[in-house]
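Here's the structure, in structure tokens; my notes come after.
The values are calculated or read from the model by the stated rules, or taken from the named source; none is laboratory data. Note that the coordinates shown come from a computational prediction; the quantities given were computed from them, not determined experimentally. Glycine also receives a Cβ, built like all others from the backbone with ideal geometry; neighbour counts cover every protein chain displayed. SASA here: full protein model, heavy atoms, side chains in, ligands and nucleic acids out. Shrake-Rupley method; radii C 1.70, N 1.55, O 1.52, S 1.80 Å.
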Amino acid sequence: MSNIAIAPSILSADFCNLERDLKAIANADLVHVDVMDHHFVPNLTLGEPIVGRICQVTDLPVDVHLMIDNPLDELPWFIDAGADLLNVHVEALDEADLKRAVAQIHEAGLLAAAALKPKTPASALSPVIAELDMALVMSVEPGFSGQSYIAGSDLKVAEVVQMARAAGNEELLIQVDGGIGLATAPLVAAAGADVLVCGNAVFRADDPQAAIGAVKGAADEAREAAL
């Protein structure tokens with residue numbers, strides 16, 4: 001991906017006005033949907049019925065981030081809901097089940113991603129990195145919006161980039177989620193990030209579309225300077 005993609009996270013949107021807020025981010029590249037089960041993470045957000053409606057009312061590709069204990073059981077729900085990309089956490093699955101999850105997502109014709117919590121080493125992606133379409137580096141502890149970026153997360157981004165190259169997966173997209181805005185987007189973009197999840201930086205802005213453009217511009221400039 002030559003330019004940085006922005007994926008606003010609806011965790012920071014107004015849940016009573018989701019369709020309105022989805023229309024307000026029409027210039028985004030993806031919409032990032034956090035599904036939390038109150039077990040894998042302490043928060044509880046939304047499930048398959050709401051994801052299904054989001055898929056129906058937006059023209060943007062829907063990136064579903066499954067922060068749940070049992071992704072293999074629930075993957076069919078979100079496949080049927082109409083998601084375009086499904087993201088499972090490596091911490092929720094052993095190596096065999098992680099491979100099974102990626103294969104199941106691909107068999108359904110969707111893009112497959114795997115996510116890492118901040119304290120999980122990049123090496124945890126090794127069993128599947130050659131097959132992934134995207135890897136997600138969490139730059140906050142998953143569970144709540146509005147947290148501050150964890151310094152040094154860009155170093156993990158760079159490590160994942162090197163792992164992907166070593167595995168022959170030159171097309172792997174690197175997504176970063178957590179505390180991403182004008183100040184932090186350039187850091188991760190320069191390290192090799194392709195897709196930036198933005199929550200408050202977009203949905204708390206007076207003009208969400210202008211905020212998307214500003215973050216994208218700052219990230220693109222940093223990426224170009226790093227090349």
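Quick look at the values:
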| quantity | calculated |
| --- | --- |
| Built amide H within the under 5 Å cut-off of Ser9, gap 5+ | His32, Cys198, Gly199 |
| Residues of the range 1-78: accessible area per residue with a 1.4 Å probe, Å² | 43 |
| Dipole magnitude (debye, nearest 20) for the range 9-124, charges at Cβ of Lys, Arg, Asp, Glu | 240 |
| Inter-label distance for Gln147 and Lys23, nm, one decimal - labels placed 7 Å from Cα along Cα-to-Cβ | 3.3 |
| For the chain, fraction of C-alpha pairs farther apart than 28 Å, in % | 21 |
| Kirkwood hydrodynamic radius of the range 39-81, Cα pairs, Å | 11.2 |
| Formal net charge of residues neighbouring His65 (Cβ-Cβ distance under 9 Å; K, R +1; D, E -1) | -3 |
| Centroid-to-centroid separation of the range 2-30 and the range 81-108 [C-alpha atoms, Å] | 23 |
| Exposure rule at most 15 other beta-carbon atoms within 10 Å, DSSP loop GluC sites (Glu not before Pro): the chain longest free segment | 1-169 |
| Gyration tensor verdict on the range 11-133 (Cα atoms; rounded if a/c is under 1.5, prolate if a/b is larger than b/c, oblate otherwise) | prolate |
| Counting DSSP beta bridges with both ends in the chain, the antiparallel % (nearest 5) | 5 |
| Net charge of Cβ neighbours under 12 Å - reference Asn169; Lys, Arg +1; Asp, Glu -1 | -3 |
| Leading residue at positive end of dipole, the range 182-227 (Cβ point charges), from Ala218, Ala185, Gly199 | Gly199 |
| Spin-label proximity, Ser126 to the range 146-187 - amide N less than 14 Å from point 7 Å beyond Cα toward beta carbon | 160, 163-164, 166-167 |
| Extension gain (nm, one decimal) between Asp94 and Leu182, 0.36 nm per residue minus Cα-Cα | 28.1 nm |
| Neighbour net charge for Ser12 - beta-carbon separation under 13 angstrom, K R +1, D E -1 | -3 |
